[in-house]
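The next block holds one structure in the form of structure tokens; read it before the comments.
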Amino acid sequence: MAVVALWGDHIELSAQLRLVIQLGLMAVVIVSGGGGAALGGRQYLLWVGFRTVFIVGTANYYNFMDGINGIAGITGLLGFALLAAYVNLIEGSVEVKGLAVCLSLACLGFLPLNMPKARVFMGDIGSILLGSAFAGLIWLAAKSVLDFVCMASFLFPFYVDELTTVVIWLKDG
């Protein structure tokens, strides 16, 4: 998805085309990654669809928030740190925990450039990458629906802001 974002920075792609490409890519990644195979036809499609929409949605929500000084960096710092702590708590994968710690520290290193007055933003490539990494790590780490909901809540401010914006946009549109 980050490559699509980079490509979109150099070649003008409509938002609709980018979304279709992102959804298609994530669906292929999810299906080829296995899992959910024990589910029957309709349940499997719902499982793939929900995972695809969650990851693409989280990536784009993260991208949406990047334009506000410091918010994407601070949320990444805290969100990935909380994710690492939760994965540690449930005795999850060392690799997931390690990647979450690294991404949290990367966000910390980015913050001086992005606040209080931004000199640099993540851009589509950085924010799409962080959002999709966050959502993907949740799927890799969650051992139950409760784990999934708890870890997803670490980006609760992003989800609420974006969903509120979309509802207002649809209402006014």
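The values are calculated or read from the model by the stated rules, or taken from the named source; none is laboratory data. The model shown is predicted, which means the values in this text are computed figures rather than measured ones. In this analysis, Cβ positions are derived from the backbone assuming ideal geometry, glycine residues included, and neighbour counts consider all displayed protein chains. When the accessible area is computed, the model is the full protein with side chains, heavy atoms only, and any ligands, DNA or RNA have been set aside. Shrake-Rupley method; radii C 1.70, N 1.55, O 1.52, S 1.80 Å.
Expressed as a whole percent, how much of the Cα-Cα distance distribution for the chain exceeds 22 Å? Let's see the in-between values first.
Values: 6982 of 14878 pairs.
The proportion of pairs with Cα distances above 22 Å equals 47 percent.
Lys/Arg Cβ at +1, Asp/Glu Cβ at -1, dipole of the chain taken about the Cα centre: which of 125, 49, 77 is farthest positive-ward?
The residue sitting most towards the positive pole is 49.
Inverting the mean 1/r over all pairs of different Cα atoms, compute the Kirkwood radius of the range 65-161 and quote it in Å.
On the way: mean 1/r = 0.0746 Å⁻¹.
Taking every pair of different Cα atoms in the range 65-161, averaging 1/r and inverting gives 13.4 Å.
How much length, in nm to one decimal, is gained on full extension between residue 95 and residue 15, taken as 0.36 nm per residue of separation minus their Cα-Cα distance?
Details: separation 80, 0.36 × 80 = 28.80 nm, distance 3.32 nm.
Roughly 25.5 nm would be gained on extension.
Could you give the C-alpha radius of gyration of the range 1-87 expressed as a fraction of 2.2 N^0.38 Å, taking N as the number of residues it contains?
Details: Rg = 15.5 Å, N = 87, 2.2 N^0.38 = 12.0 Å.
Its radius of gyration relative to the 2.2 N^0.38 Å reference: 1.29.
Considering only protein heavy atoms and a probe of 1.4 Å, how much of the accessible area of the range 24-173 is carbon and sulfur, as a whole percent? Mind showing how you got there, number by number?
Numbers: 5950 of 8140 Å².
C and S fraction of accessible area: 73 percent.
To the nearest 20 debye, what is the magnitude of the charge dipole of the chain about its Cα centre, counting +1 on the Cβ of each Lys and Arg and -1 on the Cβ of each Asp and Glu? Each step should come with its number before you reach the end.
On the way: 8 positive and 10 negative charges, 33 e Å.
Approximately 160 debye in magnitude.
In straight Cα distance, which aspartates and glutamates are under 19 Å from residue 171, not counting same-chain residues fewer than 8 positions off?
The reachable aspartates and glutamates, counting only those whose Cα sits under 19 Å from residue 171, are 161, 162.
So with the 1.4 Å probe, I'd like the accessible area per residue for the chain, rounded to whole Å². Show your work: numbers first, answer last.
Working: 9710 Å² over 173 residues.
Per residue, the chain has an accessible area of 56 Å².
Under 8 Å for C-alpha pairs, at least 6 residues apart: give me the relative contact order for the chain, rounded to a whole percent.
On the way: 169 pairs, mean separation 49.5, N = 173.
Dividing the mean separation by the residue count of the chain yields 29 percent.
Among the lysines, which fall within straight-line cross-link reach of residue 97, defined as a Cα-Cα distance under 30 Å, with same-chain neighbours fewer than 8 residues apart omitted?
143
Check the straight Cα-Cα distances from residue 117 and name the aspartates and glutamates below 16 Å, setting aside those fewer than 8 residues away within the same chain.
66
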